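Here the structure is laid out as structure tokens; the discussion comes afterwards.
Values quoted throughout were computed directly from the atomic coordinates according to the rules given, and no laboratory measurement underlies them. Small disclaimer: the values here were computed from a predicted structure and weren't measured. When we count neighbours, we look across all protein chains shown, and the Cβ atoms used for this are built from the backbone with ideal geometry, even at glycine.
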Amino acid sequence: MTVSNTIAAIAADVRPPAVRKRVSRRARSAAWFHGLMIPLSLLWITPLAFILFVAFRSFDDISANGLGAFPTSFSLDGFITVFTQGGVGQSLVNSVIVTVSTVLTSLLLASLAAFALSRYRIPFRRGILLLMLAGNLLPPQILLIPVSRICEALGIYDTLFALIVVQVAFGLGFYTFVLHGFMRAIPGEVFEAAVVDGAGDLRIYARIIMPLCRPALAALGALATTWVFNDLIWAMTVLRTETKFPITAALLNLQGGFVSQWNVVAAGAVIAAIPTAIVFFAFQKHFVSGLMVGSSK
Amino acid sequence: MNDRITLSRRGFLAGTTVIGGAALLSACVGTGGAAGGGGASGALTLQSSLSDPAPKAALASVVKSYKGKVTLNTVAIEQFRAQLSTYLTSSAPPDVLTWYAGSVANDYASKDLLLDVSDLWKSGGACANFPPALKALSTAASGKQIFVPTNYYWWGIFHKKSAFAEWGITQPKTWDEFLAVCDKLKSKGISPLTMGTGSTPWVASGWFDYLDLRVNGATFHRELLAGKHSFDSTEVRNVMKHYAEILPFIDPNAPSYSWQEAVTPLVQNKSAMYLIGAFVTQSVPTEQVDDIDFFSVPTIDSSIPSAEEAPTDGYFASAKTGNKKGTLDLLAYLAAPKTQQDFIATSKSSNLPTSPDVNTSGFSPLVQKGVKLLAETKEITQFFNRDSSDALQTTADTALTKFMAQPGDVSSILKDWQTAAEKVWKA
Amino acid sequence: MTQTALLAARSQRAPGAKRPKGRSRLARVPRIIWVFLLLPLAAELALVFWPALNSFSLSMTTWNGVGPAVNVGFKNYQDLLTDPIYQTALINNVIWVVGFGGASVIIGLALAVALNRPRRGIGIYRSVIYLPMVLSLAVTGIFWRVLYQPDGTLNLRLEAIGLGFLKHQWLADPNTALYAVLIAAVWRQVGYIMVLYLAGLKGVDPALEEAASVDGATAWQRFWRIVMPQLSGVNSIVFAVTVIDSLRTFDIVWAMTRGGPYNSTQLLSTYMFQESFTVLNLGYGSAIAVTIFLLAIVFIITYLVRATREES
């Protein structure tokens, strides 16, 4: 940075007189900005809007006027059918069970591994960390057939337990990697002080490190919830009983059964989208920071 | 001191890995399924692929009336098909499964995955008085029966009686008459033929099968599907020539519809005719079912003996079931005349019962007509995929949907079809 | 917050600088710590790496799911080379990587730059763009099918504004199907890329930009000469993630078209699924899966190398 630029930068910050010019420029750029962003945002949510339309229309309205027409009826038939005949209620429960268990277990295990790798001189620790991360990057296709056979052999095929176990194993690498980075950033003094105080390793982990990791855990938790809830391929691989399907697989079943009844399929899709949307709006901040923690390198 | 500890830790790790690896090796993929069932006697599992609302409800009610405890699992047909081999090779398989007779069943039978149900076919058994053709269909190469057929249906060109009357159309008897009817309908702005080849591309094989039956006869058709003739032969080219004749009359939106969605234009009088199975009535609004009529695909060559497609659906059971007696009992119940009757009534389908003890005189005139059609025809085939295999069906789906979009490329399409088919037969 | 500040400080440390004292690891590794590590590691080895190795061995066999697998050496791979559907899938995948990857990165980056500076309503815009990411791909597929049906939103709106001649059977026409699905996938992915770049832009020094603008550089020049070089770290991560994700795409294509019409939307992953589970040609399907892995491995290694460099 040249001297003149530095002085100019400092001067620019302290500015007075050119305020009016800058303000009107800012107003113009704001107009441009909103002028572009508002239509773009509206366009962006068009798919969501139309699916809501279709979900709340009656079947006859759709057959008569076409799928893309604006609604001329209001009906809850789609939703009623979805709950009474689509088994959606049960599948939502399954999804919640699987998601909560998976997220809690993965974060617990990942934090244990991250703690071990970040604070102790474990041989090949860097290699192990990268190996774990690599596991998360594999194309799942390569795992489908063997995993279903392994579950079969372990006797856990067609259980929610299998789905949880498989998803925990698959996601571990990424969470371990992120938590590892976070834990490395905690100053060594905190750690040393605890050791000097005579705290055992478990205590250090539970009482000192984990609370400090809360932001990272919240962020990863938010991300993980979305990923696990929205999974389809693992559910299709390890489950076969209808009543055990999570909502994504149940939705596929619904599509197969109610092929031409778009209001039912749309209602199902809306219901499947609501839980993650709620999590998103509640933890918005954490989603963004989660990705940032994992990638701000 | 540290190094020694670390080394011994490494040794410990290495040991665990080996042991763990050995344990997992036994779970190694590709060494054949785990042996023996372990299912406790208790509720039986019926894994069903009947995911359309009406048949699903019908099966559920039939199962509820059964004296034993049965868990009904319904999975969309595509997923069912994808997981079928996993079901059958699992160590705790479903006891009874819905499926159809044909190559798939025989394939699994030859791998000893299907329960021998010959007892049901012996005198006194539930299937004892079924027609011999059905028994032949349910018998595996080993000579044992492995399938219990419970309903079958015919294929035909379905239409609405009132619509035909309104447009002044009568059912055509010959191919030329049929094309003339299509012309007349098209000039009135009505789409003569509806089809759904989007997410259900196998519908396109319906026309292929029938044209092959009408042009070349049932024997050629069976041999073609068994790999004894080439798809690139003059006979098949002849079939495609006739197929090309009806392409201009097919609803242009057909590639976007499933077979169920294609019923809508028919019901709304926007389309006139639909070559499909009798199960189509499931998707017709109840108040219009009585208005539905059909006619057989018209004769093209009067020297070829008549033939119809009559796919047969039913159940088979897993050889590894933990409760053989219960399973056979359930199968006998499902094959019983009363059960068949209840199922057909509740599922709103126009399917036909396999048991001759079911009183069909109470069935609708449409169904009576179907019974008569099948009784009077000389030859009966199943359907493309049931007579050959799902793998060959995939090749047909690709070839026929491409042909429907680009009929001019028929030579290269048939060549590619033959190449793909050869790969299937060689496998 | 201490942690973010520390992270920021850490990432600004010049490479090669000595690690400050007090960050050393304990040399003595207590048994419980081994358990901490081995439990997750074993889970991952058993359920991820072991199956992956299994797939490799399975790809050398012919197997239909029943009975023992028959070893055929490299025959599956030889067959892949002459398989027209595989070739179509490969080409489609390249189109997908370029189209899906390119579009989501360009649009994501543009939106990140646009939505970087705090303004009124920026939170809402960011949320709207990111929202599709929380929907499952199957749900996204259904949403867009409603738009693409012959009597769906797109065709009816085109007709309403007088562009009725543009009506298409978007998902059934082999010329448009792949791009139709691609647009749906990009719509969803853009939010993710945008957030990654927003994070990266936080690390860009605004003073440099200000100085350049005072010097008379245009916005375009400022972007390419000042901002982009500072994003090199994020760029390589985004690039690697995008390519890896493009090769793994399955759900959305399967939900919308199943690989049809006649293989025009067939990707390597859908073809693998079809061969393995519809046709039950498990050895062949595994071979396809292995090729997906091999194509991805270059990018996986790039990502890991990049991640390592930041770690040390």
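Positive end of the dipole of the protein assembly as shown (Cβ unit charges, origin at the Cα centre): among A:40, B:138, B:349, the Cα lying farthest that way belongs to A:40.
Select from chain B the helices, each a whole stretch of DSSP H, whose alpha-carbon atoms run 20 Å or more along the helix axis and whose Kyte-Doolittle mean is at least -1.0; answer none if there are none.
Values: long enough: B:2-25 (34 Å, 0.48); B:390-405 (22 Å, 0.14); B:410-426 (24 Å, -0.35).
Qualifying helices: B:2-25, B:390-405, B:410-426.
A straight line joining the Cα centroids of the stretch B:50-75 and the stretch A:220-285 runs 24 Å.
With a cut-off of 19 Å on the backbone N, the residues of the stretch B:370-386 near the modelled label site 7 Å out from residue B:299 along Cα-Cβ are B:372-381.
Sorting the segments B:275-284, C:58-67 by their mean number of nearby beta carbons within 10 angstrom, highest to lowest, gives B:275-284, C:58-67. Here each label is just a point 7 Å from Cα along the line to Cβ, and for residue B:161 and residue A:74 those points are 4.2 nm apart. Counting Cβ atoms of other protein chains within 10 Å of each residue's Cβ and taking the mean over peptide A:224-236 gives 4. Between A:272, A:141, A:195, the Cα set farthest toward the positive side of the dipole of chain A (charges on each charged residue's Cβ, about the Cα centre) is that of A:195.
When the Cα centres of the stretch C:113-181 and the stretch B:179-247 are compared, how far apart do they sit, in Å? That distance is 37 Å. Packing-based ranking of B:215-224, A:176-185 yields A:176-185, B:215-224, ordered from highest to lowest mean Cβ neighbour count within 10 Å.
Extending 7 Å from the Cα toward the beta-carbon at both residue A:41 and residue C:202 defines two label points whose distance is 2.2 nm. Can you find, among C:301, C:137, C:203, the residue sitting farthest towards the positive end of the charge dipole of the stretch C:72-311, where Lys and Arg contribute +1 and Asp and Glu -1 at Cβ? Of the listed residues, the answer is C:203. With a 10 Å cut-off around each Cβ of B:154-165, the average count of Cβ atoms from other chains is 0.
Applying 1/(1 + (r/R0)^6) with R0 = 41 Å to the Cβ-Cβ distance of residue A:108 and residue C:224 gives a FRET efficiency near 0.35. If the segment from residue A:199 to residue A:49 were pulled out straight at 0.36 nm per residue, it would be longer than the present Cα-Cα gap by 48.4 nm. Counting, for every residue in C:273-279, the Cβ atoms of other protein chains within 10 Å of its Cβ and taking the mean gives 6.
Note on residue A:29 and residue A:207: with the Förster distance fixed at 51 Å, the Cβ-Cβ geometry gives a FRET efficiency of about 0.50. The charge dipole of the protein assembly as shown, taken about its Cα centre with unit charges on the Cβ atoms of Lys, Arg (+1), Asp and Glu (-1) only, comes to about 5020 debye. Can you work out the PRE-style zone for residue C:94? Point 7 Å along Cα to Cβ, and I want the residues of the stretch C:262-305 with backbone N under 16 Å. Residues passing the 16 Å test: C:266-268, C:292, C:295-296.
Note on residue A:159 and residue C:214: with the Förster distance fixed at 56 Å, the Cβ-Cβ geometry gives a FRET efficiency of about 0.30. Between residue A:192 and residue C:167, the modelled label-to-label distance comes to 7.6 nm, taking each label 7 Å out from Cα in the direction of the beta carbon. The charge dipole of the stretch C:72-311, taken about its Cα centre with unit charges on the Cβ atoms of Lys, Arg (+1), Asp and Glu (-1) only, comes to about 480 debye. Count neighbours as other Cβ atoms within 10 Å of each site's Cβ, and list the chymotrypsin sites (Phe, Trp or Tyr not before Pro) in the stretch C:67-121 that are DSSP loop with at most 16 such neighbours. Passing both the DSSP loop test and the Cβ count: C:74.
How much length is gained if the chain between residue B:290 and residue B:110 is pulled fully straight, taking 0.36 nm per residue apart and subtracting their Cα-Cα distance, in nm to one decimal?
60.4 nm
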